[in-house]
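What follows is a short report on a single structure.
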Amino acid sequence: MCGRYSLSSTAELVRETFELEATPALAPRWNIAPTQHAPVVKRDDDGARRLESLRWGLLDERAPTPSGGSINARAETADSLASFRDSLRHRRCLVPADGFYEWQALEGRRHPFHVRRRDRAPMAFAGLWSRWQRGHEIVDSFTILTCPPSHLVRPLHDRMPVILRPASWASWLHQETPLDDLRAVLVPWSGDEIEAVPVSSYVNRADHEGAECQREVAPPVARQLSLLPP
């Protein structure tokens with residue numbers, strides 16, 4: 001699962017990382033929550049990448065009202081479910097992030113961890129988007145694909161967002177990429193570039209923002225050694 005994530009990188013770094021033609025107007029987002037608008041990267045018909053702000057929570061195009069929505073879609077079944085199938089085949093996007101949050105329940109408390117690259121560089125989650133329209137009202141929304149957890153995330157949750165490697169970004173965005181090639185990249189992250197860092201419980205509330213959300217704290221007393229460096 002991915003129920004909260006961050007994109008606090010500078011606008012210039014996001015432009016360079018995702019090879020955007022212009023520097024986007026971005027403010028740091030330390031605690032992006034469902035139903036909020038967040039930036040995603042799409043591909044134009046001419047191949048250029050652009051950043052757009054979409055609502056997090058994929059809306060079913062047949063829904064009577066633009067409420068609710070799926071914040072996550074299981075990578076293993078997205079192609080077999082009507083609510084995700086068309087988006088997987090025709091409306092894919094990259095979701096820029098510099099980390100996501102998961103919580104570990106220990107001694108009656110929920111302890112947050114920020115899962116991120118060790119070098120703090122931006123990364124891209126595999127995303128799908130859709131357009132809901134009734135008359136003149138249009139809502140573009142997105143969801144984040146999830147997969148089984150890596151060994152790092154497993155103590156925290158049984159799902160994690162699909163983190164796409166930069167080499168696969170172009171094919172993920174390209175309209176003509178075969179379905180089998182898409183499935184091949186929907187796998188857990190492997191490698192030691194990712195770390196899970198215990199952070200302040202300030203992030204527990206979805207309406208909290210700011211750098212305090214990622215302030216590092218001491219590991220929980222009943223620590224899970226698999227999350228800590230040797």
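At a glance:
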| item | result |
| --- | --- |
| Qualifying residue in the range 39-55 (condition: small (Gly, Ala, Ser) and within 24 Å of ASN204 (Cβ to Cβ)) | no |
| The range 175-197, residues that are farther than 23 Å from PRO148 by Cα, at pLDDT below 95 and of a type outside the set (D, E, K, R) | GLN175 |
| Answer residue from the range 90-115, given it is more than 18 Å from PHE125 (Cβ to Cβ) and in contact with a helix residue (DSSP H, G or I) (Cβ under 7 Å, 6 or more places away or on another chain) and is surrounded by the fewest Cβ atoms within 10 Å (Cβ to Cβ) among those | ARG110 |
| Subset of the range 159-173 [part of a strand (DSSP E or B) and touching a residue at least 60 places away in the same chain (Cβ under 8 Å)] | MET160, PRO161, LEU164 |
| Strands (runs of 3 or more DSSP E) wholly inside the range 41-143 that include at least 2 residues being among the hydrophobic types (A, V, I, L, M, F, W, C) | 49-56, 92-97, 99-106, 109-117, 123-134 |
| Hits in the range 198-225 - residues which are out of contact with any helix residue (DSSP H, G or I) (no Cβ under 7 Å at 6 or more places or on another chain), part of a loop (DSSP other than H, G, I, E, B), modelled with pLDDT of 95 or more and of a type in the set (Gly, Ala, Ser) | ALA206, GLY210 |
| Any chance LEU156 is assigned to a helix (DSSP H, G or I) and either surrounded by 14 or more Cβ atoms within 10 Å (Cβ to Cβ) or more than 18 Å from the chain's Cα centre (by Cα) (or both) | no |
| Residues of the range 30-84 classified as surrounded by 13 or more Cβ atoms within 10 Å (Cβ to Cβ), among the small types (Gly, Ala, Ser) and within 24 Å of PHE18 (Cα to Cα), total | 6 |
| Complete set of residues in the range 89-116 that are touching a His at 6+ places or on another chain (Cβ under 8 Å) and under 26 Å from VAL41 (Cα atoms) | GLY99, PHE100, TYR101, GLU102 |
| Of all residues in the range 1-37 being among the aliphatic types (A, V, I, L, M) and in a loop (DSSP other than H, G, I, E, B), the one that is modelled with the lowest pLDDT | MET1 |
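Yes/no per residue for (1) in contact with a strand residue (DSSP E or B) (Cβ under 9 Å, 6 or more places away or on another chain); (2) surrounded by fewer than 16 Cβ atoms within 10 Å (Cβ to Cβ):
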| site | (1), (2) |
| --- | --- |
| GLY135 | no, yes |
| HIS151 | no, yes |
| PRO166 | yes, yes |
| HIS174 | yes, yes |
| ARG183 | no, yes |
| ILE194 | yes, no |
| ARG205 | yes, yes |
| GLN214 | yes, no |
| PRO219 | yes, no |
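The values are calculated or read from the model by the stated rules, or taken from the named source; none is laboratory data. Quick caveat: nothing in here was measured; it's all calculated off a predicted structure. Neighbour counts run over all protein chains shown; Cβ positions are idealised from the backbone, glycine included.
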